[in-house]
Each structure stands twice: as C-alpha cells, then as structure tokens.
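Read the structure below first, then the notes.
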C-alpha cells in the first residue's frame, strides 16, 4: 500500500456517503477535518508512542516533538521512572516545600514555553544528565493524498465516523450525522478503555514522596 492510500480510502468513502462535491468542499478541507479527529483519537487512546533522548541541564530540557504525555523515563543508571506532570503552580509548591534530594530522581515535571516560543520541560528534583524517554504523542503531520494518519490502521473506521458526523449536517442529513456521532463516541470509548488498560497507570503525589 502506497503512502496516502489509507487517507484517500477514508476520503473517498466519506465523499461517496455524503455526496459532497469538490465544489462544495475540496479534499483538503476533508483532510483538515480528519486531522482534528485523528488528534482526538491519539490523545484519548494513547495509540501513538515515540522514543527520544532528553538532554537535561539543571532539570530543564526541550520538549520532544509531538509530546502528549511522558510514559517512561530511563535514567543514566537504567532506572525506569514515571514522573507525574503537574501545572506550574503545583510544581512551584512542591519545589518550595520539598527538601533537595541527593538522588536527583525526577518525581514530577512541568511544561512551559520560553521567550523564544520553544516548549520546555522542567523536572524536579533536577540534575544535568541525559534521559531516554518513551512518550505518548499527538500527530505531527497533516493527512493528505500522500500522507496517512499516524494512528494505527485499526482506527481508520473511527476517523471515518468522526468526519462523517461533522460533514453530514452540511447536506441536511442530521439524523444520520447523529447516528454516526454515536458510533464514533461508542467505538472511541471502547478503544480508549482497551488501550489505556494496557498502557496507563494512576499515580498519587505526596509531599513526602518528593
């Protein structure tokens, strides 16, 4: 299968069912709507995973491309960790009340953007080192006739239902749009539960854990 064939197949099915012509809506707009659906699927199912290396300087590193959530951090000592993402206020509270750790094992991290517009990560406790990470990602490419969705093929029907539910009202087919929206939500929920059952854990933070 050539690059873009999945995208074209989804688009062609959508145009066949909706009856939307190129005059009413160019293919590029259908692909654009599909992009938003794919991003939602990626966020809720955690189905895109990537590896990267973080160069940490005093606890700070540039954010890897497409980061949605960190899954695992591998320390230089080969220790596997799952630091918890917190907001800036919570991060500041923990860093103020918690003693400096000699082990420099990152328990929490925050995300922020510097004055140059570069996305950053700050870990606490902090150190200068190199981490390897496995993370859940959002798409970094846009669907087109030559670029397929970054989500696995098994989610192509989800993309189809999601885009249909957005486009059918244009043709006045509100009942069918509602039906497809229901299919999308139900299948997304099933996929999300199956995926996250395997790949997600729940963590609680205590001041005494930092």
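Remarks
- Residues of region 7-23 that are exposed (fewer than 15 other Cβ atoms within 10 Å of the Cβ) and either outside the structural domain of residue 150 (by TED's automatic domain parsing) or within 20 Å of residue 154 (Cβ to Cβ) (or both): 9, 12.
Yes/no per residue for (1) within 23 Å of the chain's Cα centre (by Cα); (2) closer than 30 Å to residue 19 by Cβ; (3) at pLDDT 95 or above:
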position: 61; (1), (2), (3): yes, no, yes
position: 82; (1), (2), (3): yes, no, no
position: 92; (1), (2), (3): no, no, no
position: 95; (1), (2), (3): no, no, no
position: 101; (1), (2), (3): no, no, no
position: 138; (1), (2), (3): yes, no, yes
position: 153; (1), (2), (3): yes, yes, yes
position: 164; (1), (2), (3): yes, yes, no
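- Screening region 79-89 for residues that are under 20 Å from residue 110 (Cβ atoms) and free of Cβ contacts under 8 Å to residues at least 24 places away in the same chain and picking the one that is surrounded by the most Cβ atoms within 10 Å (Cβ to Cβ) gives 87.
- Test for residue 131: is it in the same structural domain as residue 36 (by TED's automatic domain parsing), in contact (Cβ under 8 Å) with a residue 40 or more places away in the chain and buried (at least 19 other Cβ atoms within 10 Å of the Cβ): no
- Taken over region 40-78, the criterion of being part of a helix (DSSP H, G or I) and crowded, with 18+ Cβ neighbours inside 10 Å is satisfied by 41, 42, 45.
- Condition met for residue 106 (buried (at least 16 other Cβ atoms within 10 Å of the Cβ), at pLDDT 95 or above and in a loop (DSSP other than H, G, I, E, B)): no
- Test result for residue 161, under 23 Å from residue 44 (Cβ atoms) and touching a strand residue (DSSP E or B) at 6+ places or on another chain (Cβ under 6 Å): no
The values are calculated or read from the model by the stated rules, or taken from the named source; none is laboratory data. Because the structure is a prediction, the values reported are computed rather than measured. Using ideal geometry, Cβ is built from the backbone for each residue, glycine included, and neighbour counts are taken over all protein chains shown.
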